[in-house]
Amino acid sequence: MMMNRYLSDFERNKILSNPDVKQRILMINGDKKDSKLELTKEQQKQISVNFSKMFSGLVVVNWCRGLKLGVARQKALEQMSAYVKSKSNPEHPMNKYLHALDNQYRRDISEVNMEDEFADDTLPVKADWVKEWEKLATDDFNISMQKMNQMYKEFMPQKTPEKQFGAKSFEEAKEKAHKKMLMILQMQLENENQRAA
């Protein structure tokens, strides 16, 4: 019965470790946002550029392997979505941005595919330049993916609380919020006791 009424410790910790929830807890107490939990504009730009290069590389590789251009784009979308889903740490500051990019690409490329007069075009797969182009696109994709993975690794939150992004200020804010809630509850109980007397 307790599990039906209250969140398990696992669920509670999962929610409280989310960067957006951490930011809101800091905001509850009037504290400023923890910039370590958010990406800078420059970091977002780097992620966007590498995401775009990865996507474009996959489109070219798929197209060079005999798919129609529209199908090559759609397959690249699926491949990029699989990459984004593999980045599953909810505490990681890149995840939210990667998911937003993935969703934006899905909308934009679907629209392009519907309107593009070249969506049904294929390449002459036996042409010499096709294999060269595929190799170049594969190299570009691999370089961009390595850069993306390196950034992801650099921003990976540490497992120990003292090294975790914003851990100290988050814990302080959580403690302040807890004390405020206790104080409010105590005041409500005192008011109810006074009314009853």
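With respect to (1) at pLDDT below 95; (2) over 12 Å from the mean Cα position of the chain (by Cα), the lone exception for residue 94 is condition (2).
Residue under question is residue 61, and the condition is that it be open to solvent by less than 70 Å² (accessible area, probe 1.4 Å), farther than 25 Å from residue 151 by Cα and either in contact (Cβ under 8 Å) with a residue 12 or more places away in the chain or not hydroxyl-bearing (Ser, Thr, Tyr) (or both); does it hold?
no
Of all the listed residues (161, 157, 124), the sole one being touching a helix residue (DSSP H, G or I) at 6+ places or on another chain (Cβ under 7 Å) and at pLDDT below 75 is 161.
Residues of the stretch 128-158 that are of a type in the set (A, V, I, L, M) and within 18 Å of residue 56 (Cβ to Cβ): 130, 136, 137, 143, 145, 148.
In the stretch 106-118, the residues that are touching a residue at least 12 places away in the same chain (Cβ under 8 Å) reach residues that are surrounded by 13 or more Cβ atoms within 10 Å (Cβ to Cβ) and aliphatic (A, V, I, L, M) with C-beta atoms within less than 7 angstrom, at least six apart or across chains, in these pairs: 106/77; 109/77; 113/119; 118/69. For the stretch 91-121, a residue qualifies if it is open to solvent by 80 Å² or more (accessible area, probe 1.4 Å) and in a loop (DSSP other than H, G, I, E, B), and the qualifying residues are 117, 118, 120. Out of (1) under 24 Å from the mean Cα position of the chain (by Cα); (2) more than 17 Å from residue 71 (Cα to Cα); (3) in a helix (DSSP H, G or I), what's the single condition that is false for residue 131? Single failed check for residue 131: (1).
Which residue is least open to solvent (accessible area, probe 1.4 Å), if the candidates are limited to the stretch 122-135 and must be closer than 29 Å to residue 85 by Cα and in contact (Cβ under 8 Å) with a residue 60 or more places away in the chain? So, considering only residues that are closer than 29 Å to residue 85 by Cα and in contact (Cβ under 8 Å) with a residue 60 or more places away in the chain, the one least open to solvent (accessible area, probe 1.4 Å) is 134. When each of 125, 59 is tested for being in contact with a Gly (Cβ under 7 Å, 6 or more places away or on another chain) and within 25 Å of residue 143 (Cβ to Cβ), the lone residue that passes is 125.
The values are calculated or read from the model by the stated rules, or taken from the named source; none is laboratory data. Bear in mind the structure is a predicted one, so any value in this text is a computation, not a measurement. Glycine also receives a Cβ, built like all others from the backbone with ideal geometry; neighbour counts cover every protein chain displayed. The area values use the complete protein model at the heavy-atom level, side chains included, leaving out ligands, DNA and RNA. Shrake-Rupley method; radii C 1.70, N 1.55, O 1.52, S 1.80 Å.
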